[in-house]
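The values are calculated or read from the model by the stated rules, or taken from the named source; none is laboratory data. All values reported here derive from a predicted model rather than from experimental measurement. Glycine gets a Cβ as well: all are built from the backbone with ideal geometry, and neighbour counts include every protein chain shown. Side chains included, ligands, DNA and RNA excluded: accessible areas come from the protein's heavy atoms. Shrake-Rupley method; radii C 1.70, N 1.55, O 1.52, S 1.80 Å.
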Amino acid sequence: MSVYRVGGLAADAQGLIHIPIMGPSLCAGFPSPADDFLEGALELPRWLAPNPPATFAWNISGDSMRGAGIFDRDLAVVDRSLKAGHGSVVVAAINGEMSIKRLLIDGNVARLSFDNPDLPAFAVEELTHGEIWGVVRFTIRWHIARTGLVR
């Protein structure tokens, strides 16, 4: 997977910054094929993204994080500078697929879990390759049909 940056990250005259929106949706369920690309940028006030170079937005695809209040088509703002801890909602690279999960730490065992009681948790060490990519700082949910956003 490639990571792209969008232009300057300094706040503009209104104190707004531009956070890149990553093209492939984060899998909140089971992976689906997606191409790597940058979808655009999200304009946020600086206080919502205190570390702009480490902040990215991802579209969510799937419903496995409903228990965390994260739903299909939400937008997750992820900060790579935050340290994940027990209970953090994280973006993880699991066997090359980007996914959103809850990090659970029990003693010396770290697990990544869906936030849906019908889906299993699995130990990070059980993965062929797994890495915590960032911590979800907040999400944005659209309450109108996205087609209504086109001007």
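Structure data summary
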read-out: Set SER81, SER32: member being loosely packed, with under 15 Cβ neighbours inside 10 Å, at pLDDT 90 or above and hydroxyl-bearing (Ser, Thr, Tyr); value: SER81
read-out: Among (1) out of contact with any Gly (no Cβ under 7 Å at 6 or more places or on another chain); (2) open to solvent by 70 Å² or more (accessible area, probe 1.4 Å) - the single one GLY107 does not satisfy; value: (2)
read-out: Filter pass, ILE70 being outside any loop (DSSP other than H, G, I, E, B) and touching a residue at least 24 places away in the same chain (Cβ under 8 Å); value: no
read-out: Evaluation of ASN51 against (1) over 21 Å from PRO20 (Cβ atoms); (2) within 16 Å of the chain's Cα centre (by Cα); (3) loosely packed, with under 15 Cβ neighbours inside 10 Å; (4) not basic (Lys, Arg) (one fails), failing number; value: (1)
read-out: Qualifying residue in the range 125-135 (condition: surrounded by 15 or more Cβ atoms within 10 Å (Cβ to Cβ), touching a helix residue (DSSP H, G or I) at 6+ places or on another chain (Cβ under 9 Å) and under 30 Å from GLN14 (Cα atoms)); value: yes
read-out: Considering residues of the range 106-141 that are assigned to a strand (DSSP E or B) and of a type in the set (Lys, Arg) only, the residue modelled with the highest pLDDT; value: ARG137
